[in-house]
Structures are given as C-alpha cells and as structure tokens.
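Before any comments, here is the structure.
The values are calculated or read from the model by the stated rules, or taken from the named source; none is laboratory data. Please read these numbers as outputs of a predicted model, since none were measured by experiment. Here the Cβ positions follow ideal geometry from the backbone for every residue, glycine too, while neighbour counts run over all protein chains shown.
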C-alpha cells in the first residue's frame, strides 16, 4: 500500500467510524459499517457496507426512508474529509449479519 493510499484509508476509517456512531444512536437494527476499495480507481471503487440485525430491520429502514438519512450521513461525513462518493446507490449496500 502506497503512502497516499494509507492516508486515504485513515480518512475513510475516521469518517466511517463517525457514521457508525451516528447510526448506532439513530437507526434501529443497525450493527456496523465496513468498506472495501481499490485505490487504483478510487473513489469510484469505494464500497460501503452497512450491516443490520435482520432483513426486517432493512425493510423497516427503507419503509421509513431512513436509508436516505443514512446515505446522506455517509456522503456528508466522507465529503467533510475530502472524499466524494461517485454513485451513492451503487456504492452503499445494506446486508444482514
């Protein structure tokens, strides 16, 4: 990993930890957040995965439009550290444990 990649990784880690804290406090059924990235095609390759306790929790999230709130929080927090999401709907996914 190049030095520049390590700097980006650190920014991602800090920002996504902040999003995680927000989601734990505000989103029912939310458990944790993770990411994968190919630094050669960053930021388009960034994939953010939000893990939930059940499919019902994801369904409720979408029904109440809290998925939009969570995606907005991810975008805002990453933007604050200089990382721009290219396509939020393709780069953020919700899964169950």
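So which residues in the range 16-35 are over 10 Å from the mean Cα position of the chain (by Cα) and surrounded by fewer than 16 Cβ atoms within 10 Å (Cβ to Cβ)?
21, 24, 25, 26, 28
Select from the range 18-32 the residues that are without any contact (Cβ under 8 Å) to a residue 12 or more places away in the chain and out of contact with any strand residue (DSSP E or B) (no Cβ under 7 Å at 6 or more places or on another chain) and list them in ascending order. Please lay out each step first, then the result.
Let us first name the residues in the range 18-32 that are without any contact (Cβ under 8 Å) to a residue 12 or more places away in the chain, namely 21, 24-25.
Residues satisfying the conditions are 21, 25.
So, in the range 69-97, exactly how many residues are at pLDDT 95 or above, over 21 Å from residue 9 (Cα atoms) and out of contact with any helix residue (DSSP H, G or I) (no Cβ under 9 Å at 6 or more places or on another chain)?
Selection size over the range 69-97: 0.
Among the residues of the range 36-61, count how many are under 15 Å from residue 91 (Cα atoms), under 13 Å from the mean Cα position of the chain (by Cα) and not in a loop (DSSP other than H, G, I, E, B).
6
Within the range 1-30, work out how many residues are within 14 Å of residue 73 (Cα to Cα), outside any helix (DSSP H, G or I) and out of contact with any helix residue (DSSP H, G or I) (no Cβ under 7 Å at 6 or more places or on another chain).
Of the residues in the range 1-30, 0 are within 14 Å of residue 73 (Cα to Cα), outside any helix (DSSP H, G or I) and out of contact with any helix residue (DSSP H, G or I) (no Cβ under 7 Å at 6 or more places or on another chain).
Residue pairs, Cβ under 6 Å, 6 or more apart or interchain, first in the range 42-58 and over 20 Å from residue 4 (Cβ atoms), second surrounded by fewer than 13 Cβ atoms within 10 Å (Cβ to Cβ) and at pLDDT below 95. List them.
51/97
Checking residue 33 against (1) part of a helix (DSSP H, G or I); (2) modelled with pLDDT of 95 or more, which single condition isn't satisfied?
Of the numbered conditions (1) part of a helix (DSSP H, G or I); (2) modelled with pLDDT of 95 or more, the odd one out for residue 33 is (1).
Counting only residues that are free of Cβ contacts under 8 Å to residues at least 40 places away in the same chain and surrounded by fewer than 17 Cβ atoms within 10 Å (Cβ to Cβ), how many does the range 68-86 have?
Matching residues across the range 68-86 total 4.
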